[in-house]
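Engineer: The structure's right below; bear with me while I get my questions together.
The values are calculated or read from the model by the stated rules, or taken from the named source; none is laboratory data. Computed from a predicted model, the values in this text were never measured in an experiment. Glycine also receives a Cβ, built like all others from the backbone with ideal geometry; neighbour counts cover every protein chain displayed. The protein model used for the area step is the full one, side chains on, heavy atoms only, and it has no ligands, DNA or RNA in it. Shrake-Rupley method; radii C 1.70, N 1.55, O 1.52, S 1.80 Å.
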Amino acid sequence: MLNRLLLFAANDEIAPMITWIISGIVFFAFLIFLAVFAQFFGLWIQCKMTGAKISFPNLVMMSLRKVNPGIIVRSKIMAVQAGLTKEYAITTRALEAHYLAGGHVMNVINAIIAAQRADIDLDVDRAMAIDLA
């Protein structure tokens, strides 16, 4: 069987065709990678420039978990810029979990920011529980 495959690949008419097929597969794989990269590149740059600390693979995994990465990124950026990540443990995973539970992530972050400015003690878990109730 191996001898037949070697003879098949050694044929001068078949070798260029195999090269074109492999080149086509590599080209389409590159196009798929480029499409995925282009889809999340803007969000990833926003995360890097604002210090939100959400990695590119995490953005891709969010979409595979049916989480809207745009909402999570904007919420995390709001939390970082308001200084909430220093006081509270607002993680990306917690925001994703709240989103998957049917909560409104942006409303929770806005409520925590408003409570912080009004000197009201409202932690993240309580705000998420109130939102889901």
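Engineer: Hey, if we sort 64, 122, 59 by accessible area with the 1.4 Å probe, largest down, what's the order?
Structural biologist: Most to least solvent-accessible, the answer reads 64, 122, 59.
Engineer: Charges only on Cβ, +1 for Lys and Arg, -1 for Asp and Glu: so what's the dipole of the range 55-104 about the Cα centre, in debye to the nearest 20? Walk me through the numbers before you get to the answer.
Structural biologist: Details: 6 positive and 2 negative charges, 18 e Å.
In total the dipole reaches around 80 debye.
Engineer: Heavy atoms only, probe 1.4 angstrom, no DNA, RNA or ligands counted: give me 32, 77, 112, 21 ranked by accessible area, highest first.
Structural biologist: 32, 21, 77, 112
Engineer: Test of understanding: in a Gaussian network model of the chain with alpha carbons linked when under 10 Å, which of 105, 36, 67 would top the mean-square fluctuation ranking?
Structural biologist: Answer for the Gaussian network model of the chain: 36.
Engineer: Please compute the per residue accessible area over the range 67-125 with all protein chains in place, 1.4 Å probe, rounded to a whole number of Å².
Structural biologist: 51
Engineer: Can you figure out the FRET efficiency of residue 81 with residue 26, using R₀ = 41 Å and their beta-carbon distance, to the nearest 0.05?
Structural biologist: The calculated FRET efficiency here is 0.45.
Engineer: Got a sec to turn the phi values of the range 16-29 into Karplus ³J(HN,Hα) couplings, 6.51 cos²θ - 1.76 cosθ + 1.60 with θ = phi - 60°, whole Hz, x for Gly and Pro?
Structural biologist: Each residue of the range 16-29 in turn: x, 5, 5, 4, 5, 5, 5, 4, x, 5, 5, 5, 5, 5 Hz.
Engineer: Something else now. So, in nm, how far is label residue 126 from label residue 46 when the simple model puts each one 7 Å beyond its Cα toward the Cβ?
Structural biologist: Placing both labels 7 Å along Cα→Cβ, they lie 3.0 nm apart.
Engineer: Can you bin the range 38-133 into rounded, prolate or oblate? Criterion: square roots of the alpha carbon gyration tensor eigenvalues sorted a ≥ b ≥ c, rounded for a/c under 1.5, prolate for a/b above b/c, oblate for the rest.
Structural biologist: It comes out oblate by the Cα gyration axes.
Engineer: Using a cut-off of 15 Å between beta-carbons, work out the net charge of the residues near residue 49 (Lys and Arg +1, Asp and Glu -1, residue 49 not included).
Structural biologist: Taking every Cβ under 15 Å from that of residue 49, the sum is +4.
Engineer: Same structure, new question: I'd like the carbon and sulfur percentage of the solvent accessible area for the chain, probe radius 1.4 Å, heavy atoms only, ligands and nucleic acids excluded. Show your work: numbers first, answer last.
Structural biologist: Details: 5920 of 8970 Å².
C and S fraction of accessible area: 66 percent.
Engineer: Under unit Cβ charges (Lys, Arg +1; Asp, Glu -1), what dipole magnitude, rounded to 20 debye, does the chain have relative to its Cα centre?
Structural biologist: On the way: 11 positive and 9 negative charges, 15 e Å.
About 80 debye.
Engineer: For 125, 119, give me the order by solvent-accessible area with a 1.4 Å probe, most accessible first, ignoring ligands, DNA and RNA.
Structural biologist: Numbers: 125 115, 119 140 Å².
Result of the area sort, largest leading: 119, 125.
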